[in-house]
Amino acid sequence: MIKIICVGKVKEKYLREGIEDYTKRISKYHKISIIELEDSNMKEEANKILKCIDDKSFVVTLEINGKEMSSLEFSSLIDKTFISNSNICFVIGGSDGLDDTVKERSNFSLSFSKFTFPHQLFRLVFLEQLYRAFKIMHNETYHK
């Protein structure tokens, strides 16, 4: 199971449609769940996030200071993680980032770039890369 915990709602219709499309595509490969949490202060967000994480889940926090990877490396990370963990939980924090308590629970800190992305857009970009990772794992062609 892939669980994506996100702080904040996606308001723009075109982003919601893109997110729905990639979620549907990913679901052909693996069960996926997206949990949207309401924006609040970092401590409250952290408490809500931690309540959504199963004790046995492999947790990947998405942070600007995390490890940067190529699409191939990201695909390999997911593939290798599923060998020993049946659940991967990705955490996308709010506009203020993630509280240290969430970072401490993380098994892996991932950065997509040193750039700052709009929160709602990043969710779509992340799902596209997750879909790409599954295409790579299954040796299926996908645009470059």
Give me the pairs, please: first residue somewhere in the stretch 122-144 and closer than 14 Å to Ser70 by Cβ, second residue anywhere and of a type in the set (Gly, Ala, Ser) and surrounded by fewer than 17 Cβ atoms within 10 Å (Cβ to Cβ), beta-carbon distance under 7 Å, and either six or more positions apart or on two chains. Gln129/Ser71; Arg132/Ser71; Ala133/Ser71; Ile136/Ser71
When the stretch 41-60 is examined, which residues are found to be touching a strand residue (DSSP E or B) at 6+ places or on another chain (Cβ under 9 Å), within 23 Å of Asn85 (Cα to Cα) and not charged (D, E, K, R)? Ile49, Cys52, Ile53, Ser57, Phe58, Val59, Val60
With a cut-off of at least 1 residues that are open to solvent by less than 60 Å² (accessible area, probe 1.4 Å) and farther than 18 Å from Glu128 by Cα, name the helices (runs of 4 or more DSSP H) lying wholly within the stretch 1-106. 42-51, 71-84, 100-105
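The values are calculated or read from the model by the stated rules, or taken from the named source; none is laboratory data. All values derive from a computational prediction rather than experimental measurement. Ideal geometry is used to build each Cβ from the backbone, glycine not excepted, and the neighbour counts take in all protein chains shown. In case anyone asks, the SASA skips ligands and DNA or RNA and just uses the protein heavy atoms, side chains included. Shrake-Rupley method; radii C 1.70, N 1.55, O 1.52, S 1.80 Å.
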